[in-house]
1. I need LYS398, LYS327, LYS118 ordered by Cβ neighbour count within 10 Å, fewest first.
2. Restricting to lysine pairs 8 or more places apart or on different chains, what number in region 113-197 have Cα atoms under 18 Å apart?
3. If amide hydrogens are placed 1.01 Å from N in the peptide plane, which non-local residues have theirs closer than 5 Å to the one on ALA400?
4. Using the count of nearby Cβ atoms within 10 Å as a rough guide to exposure, how do ARG343, ARG25, ARG314 rank from fewest to most?
5. With +1 on each Lys and Arg Cβ and -1 on each Asp and Glu Cβ, how big is the dipole of region 113-197 about its Cα centre, in debye rounded to the nearest 20?
6. Please report the equivalent ellipsoid semi-axes of the chain, computed as sqrt(5 x eigenvalue) of the Cα gyration tensor, largest first, in whole Å.
7. Please name which of ALA414, ILE7, LEU220 has its Cα lying farthest along the dipole of the chain towards the positive end, using unit charges on Cβ (Lys, Arg +1; Asp, Glu -1) and the Cα centre as origin.
8. Once the Cα atoms of helix 409-421 and of the chain are each reduced to a long axis, what angle between those two axes, in degrees from 0 to 90 to the nearest 10, is obtained?
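What follows draws every value from the coordinates through simple rules; no lab data is involved. As the structure is a computational prediction, the values presented were derived from the model and not from experiment. Note: ideal-geometry Cβ built from the backbone for every residue, glycine included; neighbour counts use all protein chains shown.
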Amino acid sequence: MDNKKAIVIGAGVSGMTAALKLKDRGFDVAVLEREARAGGVIGTFAKDGFKAESGSNTVMVQSKKTLDFLDRLAIKSKLETTNPAAKKRFFVKYGKPQAVPMGPLSLLTTPLFSFFGKLRLLCEPFVKPLDAEDPSMAEFILHRFGKDVLDYAIDPFMGGIYGGSPEKLSAKYAFPPFWNLEKKYGSIIRGAIKSMKEKKAAGNFFKPMTISFEGGMETLAKGLADNLGDSLKCGAKALSIDFGGNGWQVEWVAGDEEICDNYDALVIAVPAAEIRNLPTAGSLAAALAPLDRIEYAPVATYTMGFPKDAVKNRLDGFGALTPSSEKLHILGSLYVSTLFPNRAPDGFATLTNYVGGTRNPELATLPESEMRKLVLEDLSKILGVSGEPVFEKLFFHKHAIPQYNVGYGEFLEAADEAERKFPNLSLVGAYRGGVGVSSCIESALAAAAKLADRLS
């Protein structure tokens, strides 16, 4: 019996992961990528001993599933874990990075929160659950922890993850760990303690780890592409996508090659904001139309390299995120050369700075000269950087990060409904299942397995 055939539109991490899972399940797979290279926003630029990532600098591994998949790609041996110094994280207050408290003593002494803010935080176990179906992160955190935690912890944290605002982001969908702890245990603090004890007792406790790879994140993109081999078609474009009976008829072109073929399964793996540009029609287009309303944060990633003696700050941590109340231009600065080896030559430091988001979307599209001035101004203020960078690289992504705002369940239900209507369709990407690289990998693996099961 001939193998079933699947076509995947989009060769970012989600699309290539789903394609490999389908290949492992016996499908003949074609992956179409309109760009000349695969990987989506993931990529590494290297010059003169410096490295700059076009997208994420790290993978936050939350479970063994991601590690097993990296092993499947044969790149687990190239894995790099963060420098122990990276355990220290910073939020900016009064123009200077302040260490995030990591224990009871540091919590009592941190300048991030006032005396009354600390008392309010410690009262969290005694606060009743919020009576709201889908509150914003701001509403949820204000209720559970108070204004200090909201302004000088959650606000910069949400800016770092989503480039978004806690006033708009949903507690239920944007940060489900906190939401689930409150729902299950009635308290985030008590729930975190009990949950950890339960996991250890059950023998399924996994300590999260932050990783990258030798050669940077490009190693992940290349590992995915290499495993797909000839199944991956870069510089390819779908001309028409039609549903007929039990399958899909897709016409596509790659270079001088034009193909029109029938497929048992279709995986759409482009950002939700770009689904509108796909050549769909009729009931399929109608089913996908609600996803067009998902908001995306535009983000510019500006990496700069400096001589170490031009940076007063010790850079002894992961990086520094900026609260909106500080009125700075950058969302945060990542201490890249501290995190992993070979990100900068000896005697130099590399900083990756994030600009824009929904906080200041207009800044993400500034001319490079203007953005450069603003970034250097902030780096001088918060890290004591002086002089000109000896290396710099700017990337811009219009649709960088989907915003899991209040009411986001409507979009998740729309995606579910589209798959119910077309059982041989799967929708994968950062807008569904989490925005981190590890979340994209694990949700794509699950989606592809589910699709294969439906068609078996």
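1. Working: LYS398 15, LYS327 8, LYS118 19.
Ordered from fewest to most neighbouring Cβ atoms within 10 Å, LYS398, LYS327, LYS118 come out as LYS327, LYS398, LYS118.
2. For region 113-197, the number of qualifying lysine pairs is 13.
3. ALA297, VAL299
4. Values: ARG343 25, ARG25 18, ARG314 14.
Ordered from fewest to most neighbouring Cβ atoms within 10 Å, ARG343, ARG25, ARG314 come out as ARG314, ARG25, ARG343.
5. On the way: 12 positive and 10 negative charges, 97 e Å.
Its charge dipole is roughly 460 debye.
6. On the way: eigenvalues 279, 149, 85 Å².
Square roots of five times the eigenvalues give 37, 27, 21 Å.
7. Positive-end residue among those listed: LEU220.
8. 20
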